[in-house]
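Below is one structure, written out as C-alpha cells, with a few remarks after it.
The values are calculated or read from the model by the stated rules, or taken from the named source; none is laboratory data. Keep in mind it's a predicted model, so treat the numbers as computed, not measured. Cβ atoms come from the backbone with ideal geometry, glycine included; neighbour counts cover every protein chain shown. The protein model used for the area step is the full one, side chains on, heavy atoms only, and it has no ligands, DNA or RNA in it. Shrake-Rupley method; radii C 1.70, N 1.55, O 1.52, S 1.80 Å.
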Amino acid sequence: FAAFTDIEHNAGRVSGIKNVEVLSTGEFRLGTRWRETREVMGRLDDAEMEVTAFDQGRGYTITHYKGGAKIDTVFTFAPDGEGTNVSIAFALENHGLPPGLLTPVSWAIAGKVREVLGHDLEDMKKSVEKS
C-alpha cells in the first residue's frame, strides 16, 4: 500500500509514467491531487488525478477525466500470506459527450486502460520485490 500511495516516486517505478507533479500537500489521502504525464501511443499525455475514496491500508479510488469520459480506478489491497494481493478495477462514465457517443468507443478506451494498468501492476510488483 505504501509503495502505491507514494505517488511522488511512481515515475521511477512505472515505466509508462514519465513525470508526476503533486498538486496538493500532505500525505496521500482523500482529495490528494497530482498531474501525471504518461507516454501513450508514442506521445506524452497529461492527466490530473484525484483520490476520490480512501481506506487506509485497504484501498482507494483515483478519478480523472479524459476525452469526455470520467475514469474511476479502484485499487484494493488484501493480505496474502507474507505478501499483498493487489487488484485494480475501473469504470468509464460519460462526462460531457453527446448521449450514446461513449458507448461505441468505450471498448477501445477500456482495452487501452486495461493494458496500461496491467503494465503498471507488473512494474510496481518488480519495484516492490527489489526493495
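Do the conditions hold for His119, that is, is it buried (at least 17 other Cβ atoms within 10 Å of the Cβ) and either modelled with pLDDT of 90 or more or within 12 Å of the chain's Cα centre (by Cα) (or both)?
Details: buried (at least 17 other Cβ atoms within 10 Å of the Cβ): no; either modelled with pLDDT of 90 or more or within 12 Å of the chain's Cα centre (by Cα) (or both): yes.
No, not satisfied.
Go through the range 47-90 and report how many residues are surrounded by fewer than 14 Cβ atoms within 10 Å (Cβ to Cβ) and of a type in the set (A, V, I, L, M).
The total comes to 3.
If you go through the range 81-102 one residue at a time, do you hit one that is without any contact (Cβ under 8 Å) to a residue 12 or more places away in the chain, of a type outside the set (Lys, Arg), closer than 24 Å to Glu122 by Cα and outside any loop (DSSP other than H, G, I, E, B)? Outline the logic, then answer.
Here is the first cut: in the range 81-102, the ones without any contact (Cβ under 8 Å) to a residue 12 or more places away in the chain are 81-83, 85, 98-100.
Okay, now just the ones that are also of a type outside the set (Lys, Arg), so 81-83, 85, 98-100.
Adding the requirement that they be closer than 24 Å to Glu122 by Cα leaves 81-83, 85.
Then keep just the ones that are outside any loop (DSSP other than H, G, I, E, B); that gives 83, 85.
Yes, the range 81-102 contains a residue that is without any contact (Cβ under 8 Å) to a residue 12 or more places away in the chain, of a type outside the set (Lys, Arg), closer than 24 Å to Glu122 by Cα and outside any loop (DSSP other than H, G, I, E, B).
Mind listing just one residue for me: the one in the range 1-37 that is open to solvent by 40 Å² or more (accessible area, probe 1.4 Å) and in contact with a Leu (Cβ under 7 Å, 6 or more places away or on another chain) and, of those, farthest from Gly83 (Cα to Cα)?
Ranking the qualifying residues of the range 1-37, first place goes to Arg35.
Which condition breaks for Val22 when tested against (1) at pLDDT below 90; (2) more than 17 Å from His119 (Cβ to Cβ); (3) of a type in the set (Val, Ile, Thr)?
Val22 satisfies all of (1) at pLDDT below 90; (2) more than 17 Å from His119 (Cβ to Cβ); (3) of a type in the set (Val, Ile, Thr) except (1).
Output the qualifying pairs, or none if there are none: Cβ atoms under 6 angstrom, residues six or more apart or on different chains, first residue in the range 15-38 and in contact (Cβ under 8 Å) with a residue 40 or more places away in the chain, second residue in a loop (DSSP other than H, G, I, E, B).
Matching pairs, first to second residue: Arg38/Gly16.
Identify all residues within the range 91-116 that are open to solvent by 80 Å² or more (accessible area, probe 1.4 Å) and at pLDDT 70 or above; write none if there are none.
Glu93, Arg114, Glu115
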